[in-house]
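Working notes for the structure below.
What follows draws every value from the coordinates through simple rules; no lab data is involved. In this text, all values refer to a predicted model and were calculated from it rather than measured experimentally. Using ideal geometry, Cβ is built from the backbone for each residue, glycine included, and neighbour counts are taken over all protein chains shown.
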Amino acid sequence: MKTQARVTFVESFAVSPERLFDALLDHEGMSEWMGARVKVVSGPDDGGVGTVRRIAMPGGGALDEEVTYVLYPRRMVYRIVRGLPIVRFHRGEILVEPWGQTGAQLSWDIVLDSAIPGVAAAIVAILRPRIRAGLAKLRGQLAAEREAGEARPAA
């Protein structure tokens with residue numbers, strides 16, 4: 001039985017790559033769309049390298065993720081640093097690219113490994129629908145924000 005599992009999402013958004021990346025760097029703002037409470041516990045004000053975010057997991061417990069690389073507005077890499085001892089390796093990578101004339105495409109790849117066979121696959125099975133639902137909610141929030149901006153009269 002395998003000890004490693006991977007999940008990848010590719011989603012398009014009708015906002016600029018910069019706006020999408022800004023939403024992803026707003027770690028505490030993830031609470032509004034991810035379905036879990038997220039709090040920054042340490043790191044720089046810009047949410048970049050060295051930021052540690054604590055994610056309160058549904059059903060109890062928490063885990064900490066640390067941002068290890070940021071190339072604005074294109075790429076962010078993070079890893080679990082506390083709270084999930086059954087995972088011996090975790091790497092999340094988010095890529096944002098221009099899409100069409102004014103949109104952005106998000107590619108989000110997560111790799112997990114556990115010493116216990118089947119555990120990483122079980123975690124991915126839990127993550128897949130939650131992240132997919134979260135991205136749909138984020139898409140709706142960004143679209144509503146864009147529409148509200150377009151509805152304002154010019155000054």
Residues being surrounded by fewer than 14 Cβ atoms within 10 Å (Cβ to Cβ), on the phi < 0 side of the Ramachandran plot and touching a residue at least 24 places away in the same chain (Cβ under 8 Å) - total across segment 112-129: 3
Residue match in segment 18-38 (condition: crowded, with 17+ Cβ neighbours inside 10 Å and at positive phi): no
Top-ranked residue of segment 51-63 - restricted to ones that are small (Gly, Ala, Ser) and part of a loop (DSSP other than H, G, I, E, B), ranked as nearest to residue 85 (Cα to Cα): 61
Residue that is nearest to residue 80 (Cα to Cα) [pool: residues in segment 98-114 that are of a type in the set (S, T, N, Q) and part of a strand (DSSP E or B)]: 107
Residues within segment 1-38 that are small (Gly, Ala, Ser) and in a helix (DSSP H, G or I), tallied: 3
Members of segment 38-68 found to be polar (S, T, N, Q) and either touching a Lys or Arg at 6+ places or on another chain (Cβ under 9 Å) or free of Cβ contacts under 8 Å to residues at least 24 places away in the same chain (or both), listed by number: 42, 68
Scan of segment 51-61 for residues that are crowded, with 16+ Cβ neighbours inside 10 Å and either charged (D, E, K, R) or under 21 Å from residue 126 (Cβ atoms) (or both), ordered by number: 53, 54, 55
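Each row is one residue, and each column tells you yes or no for (1) acidic (Asp, Glu); (2) surrounded by 14 or more Cβ atoms within 10 Å (Cβ to Cβ); (3) part of a strand (DSSP E or B); (4) touching a strand residue (DSSP E or B) at 6+ places or on another chain (Cβ under 6 Å).
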residue: 40; (1), (2), (3), (4): no, yes, yes, yes
residue: 49; (1), (2), (3), (4): no, yes, no, yes
residue: 65; (1), (2), (3), (4): yes, yes, yes, yes
residue: 70; (1), (2), (3), (4): no, yes, yes, yes
residue: 80; (1), (2), (3), (4): no, yes, yes, yes
residue: 91; (1), (2), (3), (4): no, yes, yes, yes
residue: 96; (1), (2), (3), (4): no, yes, yes, yes
Breaking point among (1) in contact with a Leu (Cβ under 8 Å, 6 or more places away or on another chain); (2) farther than 19 Å from residue 141 by Cα, for residue 9: (2)
Failed criterion for residue 71 (all others in (1) touching a residue at least 40 places away in the same chain (Cβ under 8 Å); (2) more than 11 Å from the chain's Cα centre (by Cα) hold): (1)
